[in-house]
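Visitor: Have a look at the structure that comes next, please.
Every number here is computed from the coordinates shown, using simple stated rules; none is lab data. Everything quoted here is computed from the prediction, not taken from an experiment. In this analysis, Cβ positions are derived from the backbone assuming ideal geometry, glycine residues included, and neighbour counts consider all displayed protein chains.
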Amino acid sequence: MRQDEKLLLVMGAFGAPMGPRHLPPPPAARFGSAGYVPGIARLGIPPQWQTDGGIGVATQAHAGHVPGRTALPAGIATAATWNPQTAYHAGAMIGREARASGFDVMLAGGLNLARDPRGGRTFEYAGEDPLLAGTMVGAEIAGIQSNHIIATVKHYALNDQEAGRMTLSAQISHASARASDLLAFEVAIERGDPGAVMCAYNRVNGVYACQNDWLLTHVLKQGWHYPYYVMSDWGAVHATVRAANAGLDQESAAAAFDQKLYFGAPLAQAIADGRVPQARLDDMVRRILLALFAKGVVDHPIELAPLDLAADAAISRTDAEQSMVLLKNAGGILPLVRGAARIAVIGGRADLGVLSGGGSSQVYPPGGSAVPGLGPVGFPGPMVYDRSPPLAAIATRLPHSRVAYADGRDPAAAAALAAHNDIAIVFATAWSAESLDHDLTLPDQQDALIARVAAANPRTIVVLETGFPVLMPWVDQVAAVLEAWYPGSAGGEAIARVLLGEVDPAGRLPITFPASLAQLPVTDSPTHLSVDYAQGAALGYKWFDRTGQRPLFPFGFGLSYGHVSYAGLAATVTADRAVVSFSVHNDSARSIADVPQLYLAAANFGDGVPQRLVGWQALSLPPGARRTVRLQIDPRLLANWNPTEGAWTITAGRYSLRLGTSSRAIAARLPLTLTARTLTRP
Ligand code: BGC
């Protein structure tokens, strides 16, 4: 390759006529897309056509005519399935749509840990546990890449909140980072083998993530032997020499987003001056080419093809159904009984569609939003509703019931409607979007609406369409609560099927729902220049366990319409592996879903973490069925990261295995004795 060809491959352009500089995109870019890197026809190297994102083929807002694509439920919803196969199939579907839409690089795989549930991109990510997030996102990446395209994992690393996202320095010890956020990336990379890693906007311990030698070279490339390339987030590069020498391999959307060009001519000059070794440019190019070849992009050229939107919606619906978490079901009010009741459906635009999260990951439904014209006008707007109205999906399934609707804007009218019906179902929504943190209160006085409806009719069911935990001051007044997240293209159908019991609510919380803001490890700094993650690896349920607080709903929680019991918890521990087995019995007369969870408790885990999730299995059980589950524990979860040795070390001592239906509902315990050991990397 010639030097100019090498330099071409390491710098991308933005694919939409927007961004901070409103530059026209290169003509060869796919219209309204996230990015484009030219190919080299002479050598048979294809262009890199990049699309967001995690829930489907996204389009940059205001790109003009927006093609309709299938949206999965939000990332946090797919994580709530706890089912890697579901995530794989979901990924395979959006990867297929990406390829058919002309893209060979999908900017998916968001998995920054929910250190604070108020983080604006909590909906895009996969919750608060490194093993769960890494496993689920890794599976989705593998599914996307089964289409011979590249997927990213992002945003590496510690991009856990939006406040000050372009400048913020996440302060954390190496040992804590390795056992939390970095472990999530390590697991996702092992499971998904993504062709690219996107480095983050923020700084880590003072150094920008995209020029952070410790993150990019020491941990990722040397520690984990990552063979492919690191691309920057859009506008995340701040230097030529420091970034190149720290391990950045490709500057994304350079002219449109970065303060100035850092790769291209300045990189050529730095190489000519000897400030960046030629070998570093060769390494960048080799890594990009390796990904293009290894993932099949070169051997399987992109061809535009029609989308099978109906088939793809069915895949999205399955994901959504399995993601829904039944949080409360007093007196077994759910599932709704066919033929019986008069039902009032209230609020949440349930007559039109279901809410989605905003920002670069926004997927537009065919025909546009079900509720057009909603703000914000600029990024990260607009607020988009998918065209799958729950009202119609419920009414169709209850032909002998009278189903009435009130939009909820007039609480008195909504309460009157509820009073005159047997059951009230209130849909409550909370939008969230990239670049904006939020609080945990339902907006637009929806708390008051729910309280008023519940006062008029105690048989009130609340369906939440949120991308993050919300506070529920009304929880004791209502009969049932279903967390439906942002449920995607077929979300209304999925909600109706769960409410009617056509499927069991299979989702379990991948994130703790706090009872109040006071329970959180508040870390916001008013200047947004630095955030001290002093809780280290003790985030989410680990924080609640360490501080002995009772959340509103704990990590791992979710009800079924049936009942299970567990028996026979046993473990075999040898020098290099721990295998656990137990049996699960469906005690009920209906088919149900269950997610038995295994936690390991110890006194010597770093950052005072009392227990860690070490395994689980998403099960679907016919009536009366019994299944034996065998789980092998990842030895890193028995260990602490030892920065002096640069390795995971297991401390000798007594540990306790816990089998349960959530992090707080433990059905069986088993003592384990482990001997001291340093893990070696395979
Ligand atoms: C986001 C990335 C996204 C990129 C391209 C950035 O603002 O942080 O997640 O992939 O834009 O749209």
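Visitor: Evaluate the Debye formula for the range 306-353 with equal point scatterers sitting on the alpha carbons, no solvent, and hand back log10 of I(q)/I(0) at q = 0.15 Å⁻¹, in q order, two decimals.
Guide: With no solvent term, the Cα-only Debye profile gives -0.71.
Visitor: Something else about it: With +1 assigned to the C-beta of every Lys and Arg and -1 to the C-beta of every Asp and Glu, and no other charges, what is the dipole magnitude of the chain about the Cα centre in debye, to the nearest 20?
Guide: 1020 debye
Visitor: For ARG681, ARG287, what's the fewest-to-most ordering of other Cβ within 10 Å of each Cβ?
Guide: ARG681, ARG287
Visitor: Follow-up. Does anything in the range 576-600 have its amide N under 11 Å from the 7 Å Cα→Cβ label point of ALA567, and if so which residues?
Guide: Counting only backbone N, you get 583-586.
Visitor: Only loop residues by DSSP count here, and only those with at most 12 other Cβ atoms within 10 Å; note down the trypsin sites (Lys or Arg not before Pro) in the range 551-640 that meet that.
Guide: Answer in residue order: ARG577.
Visitor: Of ASP283, ASP181, ASP299, how do they rank once you tally other Cβ atoms within 10 Å and put the fewest first?
Guide: Lowest count first: ASP299, ASP283, ASP181.
Visitor: Here's something else I'd like to know. To the nearest 0.05, what FRET efficiency results for ALA294 and ALA265 with a Förster distance of 22 Å applied to their C-beta separation?
Guide: 0.15
Visitor: From Cα pairs below 8 angstrom and at least 6 apart in sequence, can you work out the relative contact order of the range 80-225, rounded to a whole percent?
Guide: Taking the mean separation of contacting Cα pairs over the length of the range 80-225, I get 27 percent.
Visitor: Additional query: For the chain, calculate the relative contact order in percent as a whole number, restricting contacts to Cα pairs under 8 Å that are 6 or more residues apart.
Guide: Relative contact order for the chain comes out at 14 percent.
Visitor: Any idea what Rg and Dmax come out to for the range 637-682 if you just take the C-alpha atoms, in Å?
Guide: Both quantities, over Cα of the range 637-682: 13.5, 38 Å.
Visitor: So the label point goes 7 Å from the Cα of ALA310 along Cα→C-beta, right? Which residues of the range 339-377 then have their backbone N under 20 Å from it?
Guide: 365-368
Visitor: Moving on to the next point. For GLU502, project a label point 7 Å along Cα to C-beta. Then give me every residue of the range 278-315 with its amide nitrogen under 16 Å of that point.
Guide: 310-315
Visitor: Can you bin the range 175-248 into rounded, prolate or oblate? Criterion: square roots of the alpha carbon gyration tensor eigenvalues sorted a ≥ b ≥ c, rounded for a/c under 1.5, prolate for a/b above b/c, oblate for the rest.
Guide: prolate
Visitor: While we're on this one: For the Cα atoms of the chain, what angle does the longest principal axis make with the long axis of helix 130-145, in degrees from 0 to 90, nearest 10?
Guide: 70 degrees
Visitor: Which lysines, on any chain, are close to LYS260 with Cα under 29 Å apart, when same-chain ones fewer than 8 places away are left out?
Guide: Partners found: LYS6, LYS154, LYS221.
Visitor: Just the Cα atoms of the range 1-116, one point each, no solvent: what log10 I(q)/I(0) does Debye give at q = 0.20 Å⁻¹?
Guide: Calculated log10 I(q)/I(0) at the listed q: -1.09.
Visitor: Find out how many positive minus negative residues lie around SER361, taking Lys and Arg as positive, Asp and Glu as negative, among other residues whose Cβ is under 9 Å from that of SER361.
Guide: -2
Visitor: At q = 0.08, 0.09, 0.10 Å⁻¹, what base-10 log of I(q)/I(0) does the Debye formula yield for the chain when every alpha carbon is treated as an equal point scatterer in vacuo?
Guide: Ignoring solvent entirely, the Cα scatterers give -0.58, -0.74, -0.91.
Visitor: For VAL204, what residues show an amide H to amide H distance below 5 Å, using hydrogens built from the backbone and excluding near sequence neighbours?
Guide: Result for VAL204 returns ALA170, ALA209.
Visitor: So, one more: Before rounding to the nearest 500, sum -39500 (n - 2.57) across all DSSP H runs of length at least 4 in the chain and divide by the residue total; then give [θ] at 222 nm in deg cm²/dmol.
Guide: Rounded to the nearest 500, it is -6500 deg cm²/dmol.
Visitor: Here is a further query. Going by C-beta contacts inside 10 Å, put LYS260, LYS6 in order with the fewest on the left.
Guide: Result, fewest neighbours first: LYS260, LYS6.
Visitor: Between the helical axis of 446-456 and the dominant principal axis of the chain, each derived from Cα atoms, what acute angle in degrees is found, rounded to the nearest 10?
Guide: It works out to around 10 degrees.
Visitor: In Å³ and rounded to a whole number, note down the convex hull volume per residue for the Cα atoms of the range 241-392.
Guide: Given the Cα convex hull of the range 241-392, per-residue volume reads 223 Å³.
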